[in-house]
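These notes concern the structure reproduced below.
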Amino acid sequence: MDEAFDALQRLAGSLALVATEGPGTAGRQAAEAVQAGADLVLVAGGDGTVNEALQGIAGTHAALGIVPAGTANVTAMEIGLGKSNRTALPGLLRSEPVRIAVGSLKPAEAAECYFLAMAGAGLDASIVRRVAPSFKRRFGKLSYWYAGFATLGQALPEFNVEVDGRRVRASFALVSRVRNYGGDLEIARHADILQPKLALVLFEGRSSFRYLKYFSGVLLNRLDGMTGVTLKLVDHLDVEAGAAAGGPDLQVDGEYAGQGAARFRIVPDAVTLLVPRR
C-alpha cells in the first residue's frame with residue numbers, strides 16, 4: 001500500500017486519502033473535494049463506487065482517475081488499466097486527461113444519474129436486483145452468474161423501447177459506453193468510450209432459453225445480424241413502463257436503479273477522465 005501511495009503521490013503532486021463514509025456517500029465527498037479546490041479525484045473501488053463519485057465530478061473542471069478494486073471495474077479494464085490497483089499503477093503514471101461524454105439515465109420518478117460504463121433495463125437489471133449485498137461480497141462476480149442462470153425456464157417481462165422513431169419490444173436493453181460487460185464478455189463491440197454515442201443492444205423474446213442462443217452469439221462474435229438482436233449507436237432512447245407491475249427493472253454501472261419508464265441519453269463533454277497513453 002505504501003508503494004501505491006508513493007506512486008499516486010507522484011501522479012497527483014499532493015494527495016489526501018479520504019475513506020468513504022458508507023454506501024451512497026462517494027458522490028457528496030467527491031463534490032466537496034472539488035469545491036475545496038481539488039483538480040483530481042482518484043477513486044479506488046469497483047464500478048459502483050466510481051459511479052457514485054462521478055455524480056459529484058461530472059460537469060466540473062476536476063479530472064477523474066480510477067484505481068480498480070471491488071467486485072469489478074469495467075471502465076478501468078476498458079481504458080487499459082487492468083483488474084487490480086497493482087496492475088493499474090503503471091497506466092495511471094502514464095495517463096493523460098481526456099474530456100469525454102457520459103451516459104445518463106433519467107427514470108420517470110427519480111433523479112437523473114450519470115454512468116461511465118453501462119446501464120440497462122430488463123433482464124440484467126432484474127439480476128442485479130436479486131443479488132443480495134452479502135452474497136455479492138462473498139462470491140463477487142460469481143453471484144451475478146448464479147442469479148442469471150436461476151432465471152432459466154422463467155418467462156421474462158417485456159417492455160417497449162422507442163429509438164430513432166421506431167418501437168422495439170424487448171426483454172433486455174443494454175445501453176453501453178464500453179465494449180466489455182462485467183469484465184468477462186464483449187457484448188457491445190460497437191461501443192467506444194472516447195466517442196459521444198451510446199451503444200445500444202436490444203434483445204427480444206420472453207423465453208429465457210432464447211438467451212442461450214444470444215450467449216453463443218456473444219461468445220462467437222455473431223450478435224450482429226442475429227434474429228431478435230438490434231445493435232445501434234444512438235444519442236438517446238426511451239424505455240416505456242409496459243404492462244408489468246412497476247415497469248422494467250433498471251441498473252446503472254451494476255447498481256440497481258429502480259423500476260419504470262426511463263430516458264437514456266448521451267451527455268457530451270461531461271467529465272475529464274485519466275486515460276493511459278497507448
For segment 8-42, give me each residue that is modelled with pLDDT under 85, outside any loop (DSSP other than H, G, I, E, B) and surrounded by 15 or more Cβ atoms within 10 Å (Cβ to Cβ). Leu8, Leu11, Ala12
Go through segment 84-103 and give me each residue that's surrounded by 15 or more Cβ atoms within 10 Å (Cβ to Cβ) and either without any contact (Cβ under 8 Å) to a residue 24 or more places away in the chain or in a loop (DSSP other than H, G, I, E, B) (or both). Ala88
Residues of segment 90-116 satisfying the condition of being of a type in the set (A, V, I, L, M) and at pLDDT 95 or above: Val98, Ile100, Ala101, Val102, Leu105, Leu116
Taking interchain pairs and intrachain pairs at least six residues apart, which have beta carbon atoms under 8 angstrom, with the first residue in segment 60-75 and not assigned by TED's automatic domain parsing to the domain that holds Thr20 and the second surrounded by 24 or more Cβ atoms within 10 Å (Cβ to Cβ) and of a type outside the set (Phe, Trp, Tyr)? none
Just to check your reading of the model, which residue among Arg129, Arg179 is within 25 Å of Gly228 (Cα to Cα), modelled with pLDDT of 80 or more, within 20 Å of the chain's Cα centre (by Cα) and crowded, with 18+ Cβ neighbours inside 10 Å? Arg179
Every listed condition ((1) part of a strand (DSSP E or B); (2) under 13 Å from Leu274 (Cα atoms)) holds for Tyr114 save (2)
State all residues of segment 197-224 that are buried (at least 16 other Cβ atoms within 10 Å of the Cβ) and under 20 Å from the mean Cα position of the chain (by Cα); if no residue qualifies, say none. Lys197, Leu198, Ala199, Leu200, Val201, Leu202, Phe203, Val218
Please verify whether Ala36 is touching a residue at least 60 places away in the same chain (Cβ under 8 Å) and outside the structural domain of Ala188 (by TED's automatic domain parsing), treating the condition exactly as stated. no
Which condition breaks for Ala119 when tested against (1) at pLDDT below 95; (2) out of contact with any Lys or Arg (no Cβ under 8 Å at 6 or more places or on another chain); (3) not basic (Lys, Arg)? (1)
Residues that are in contact (Cβ under 8 Å) with a residue 60 or more places away in the chain and not assigned by TED's automatic domain parsing to the domain that holds Arg130: which strands (runs of 3 or more DSSP E) entirely in segment 171-258 hold 2 or more of them? none
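The values are calculated or read from the model by the stated rules, or taken from the named source; none is laboratory data. Note that the coordinates shown come from a computational prediction; the quantities given were computed from them, not determined experimentally. Heads up, the Cβs are rebuilt from the backbone with ideal geometry, glycines too, and the neighbour counts pull from every protein chain shown.
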